[in-house]
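Since every read-out is calculated from the coordinates, none of them should be taken as a lab result. Everything quoted here is computed from the prediction, not taken from an experiment. Reconstructed Cβ throughout: ideal geometry from the backbone, glycine too, with neighbour counts over all protein chains shown.
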Amino acid sequence: MFVGMTNEITPFHVTVDDADIADLKERLARTRWPERETDPSQGAQLDRVQALAEYWADGYDFGFVKRLNAFPQFRTEIGGLGIHFLHVRSANPEARPLLVTHGWPGSVVEFLKVLGPLSADFHVVAPSLPGFGWSDKPSETGWDVDRIARAWDELMTRLGYERYGAQGGDWGATVTASLARQFPEKIVGAHFTMAGVKLDDTTFDDPTPFEIKALADLTRHRTTGSGYRALQDTRPQTPGYGLTDSPAGQLAWIAEKFWTWTDPDHPLTDEEILDDISVYWFTATAVSSSRICWESSGLDAREVAVPSGVTIFPHEIVRPSKRWAEKRFTDLRWYDEVPRGGHFAAYEQPELFVEQVRAFFSLLA
C-alpha cells in the first residue's frame, strides 16, 4: 500500500497540438544526416531511416491520438506519481480482470488491436509504465519493477479487482513476474510472451534442435544486438539528450527494434511503427522510459510459483523450451509454440495473442 495517495480516478484523452506536429516536421526537415553505413550490421540503415522519416513528416496521419482515444482512458495518482491507463470493461459482469503490461520500446498502443477481442472475456486494464507515455516521469530513484508491481496491484485494487490475471512481455513480463511473487494470493494466473530463464550448465543436457537454435539466436542478440541495453542499463541520461532533441534520432533508436525483433514475413506497417514512436516523441520520454533498465537490471529471472502460461513466438528474443521454462515457472500450466510473430506479440499477431491468453486462462478456476 502506498502512503499519501488520493484515490481519485480521472478520465483522460490524449491530445497533440498542431504546433507540436509542425515543430516535428520542421525538425525532420532540418535533420543533419550521417553518412551511409559501411556494413548493414552497424545499425539502422540510412535509406530505411530516411524513408520512414519522410513518411512521418509527409504522409503519416498522426492518427495514434484517435486510435487511443477510441478506448476509455484514465489517470490516477499512486505513490506520488500520476499513472495513465486504459480500462475496457467486459459486457459480462462476471468476466475476469486482466492486467496487461507493455515494455520498451513499446507502449499501450501495442494493445489497441486486442483490447476489444479480450474484453469479450476480460475486464482489461493496460497501464503506461512510469516514465512512459502519459504516466508521470519519476523525479527520484526507486521505481524498479518491484515498486511498479506494487503500484499495479494498488491500481487493480482501486478499480475493485481483488483477484486478477496478469500478462506481459519485455519489461511487462518482469513486472508480471514481480506481481506473482509479491501478491500470489491475488494473481489467478500469469501469462508471458517473453519468458526469461536462468541459463546454467544443467540447462543444456542433450539439447534439442529447438534449444540449440534458441540459444544461438540469444547469443547472437547479446553479442551484436544489445548495445542499446548497455547504455540504458548504465548511462540512460546521456543518449537521451540527442533522442529528446532529434526526431530522426528517436525514430532510428526505436524503429531498429521493430525491424529486427519482429517477424520479417509478417511485418508491422510504417503507420503502426510510427504510432509507437510518436508516443515517445510527443511525450518526450526518451530518457524517463530508459531508466527502467537502470533501475531494474538483473531482476528478470526470479522464480514464479503461481499458475503460469508461456507462449513462444518464433521471432522473440528469448525462447525457452518447455523444460527450460519449468525451471523458473514452477507451476507451468500452459506452454505453446505459435507459427508467427515476434517480440511485440499483441501488436504483430493480435488474433494469435488473444487465442493464447484465452486458452491459458480458461484452464484456471
Margin query: I'm checking my understanding of the structure. Among residues of the stretch 179-212 that are within 21 Å of Gly131 (Cβ to Cβ) and touching a Phe, Trp or Tyr at 6+ places or on another chain (Cβ under 9 Å), which one is surrounded by the most Cβ atoms within 10 Å (Cβ to Cβ)?
Written below: Leu179
Checklist line | Of residues in the stretch 335-347 being farther than 30 Å from Ser139 by Cα and part of a loop (DSSP other than H, G, I, E, B), the one farthest from the chain's Cα centre (by Cα) | finding: Pro339
Item checked: Residue ID - surrounded by the fewest Cβ atoms within 10 Å (Cβ to Cβ), chosen from residues in the stretch 275-286 that are more than 16 Å from the chain's Cα centre (by Cα) and not hydroxyl-bearing (Ser, Thr, Tyr) -> Ala284
Margin query: Testing Glu355 on (1) outside any loop (DSSP other than H, G, I, E, B); (2) crowded, with 17+ Cβ neighbours inside 10 Å, one condition comes back false. Which one is that?
Written below: (2)
Margin query: Which pairs turn up if I take residues in the stretch 81-101 that are surrounded by fewer than 17 Cβ atoms within 10 Å (Cβ to Cβ) and look for partners that are acidic (Asp, Glu) and not in a strand (DSSP E or B) with beta carbon separation below 8 Å, at least 6 apart in sequence or on another chain?
Written below: Gly82/Asp136; Asn92/Asp121; Ala95/Asp121
Next item on the list: Output the residues belonging to the stretch 105-130 that are within 16 Å of the chain's Cα centre (by Cα), assigned to a loop (DSSP other than H, G, I, E, B) and either of a type in the set (A, V, I, L, M) or surrounded by fewer than 23 Cβ atoms within 10 Å (Cβ to Cβ) (or both).
Entry: Leu112, Lys113, Val114, Leu129
Note to self: Return the pair list, or none, for Cβ contacts closer than 7 Å from residues in the stretch 52-69 that are closer than 28 Å to Leu86 by Cα and touching a residue at least 60 places away in the same chain (Cβ under 8 Å) to residues that are polar (S, T, N, Q) and crowded, with 18+ Cβ neighbours inside 10 Å, at least 6 apart or on different chains.
What the structure shows: Phe62/Ser278; Phe64/Ser278
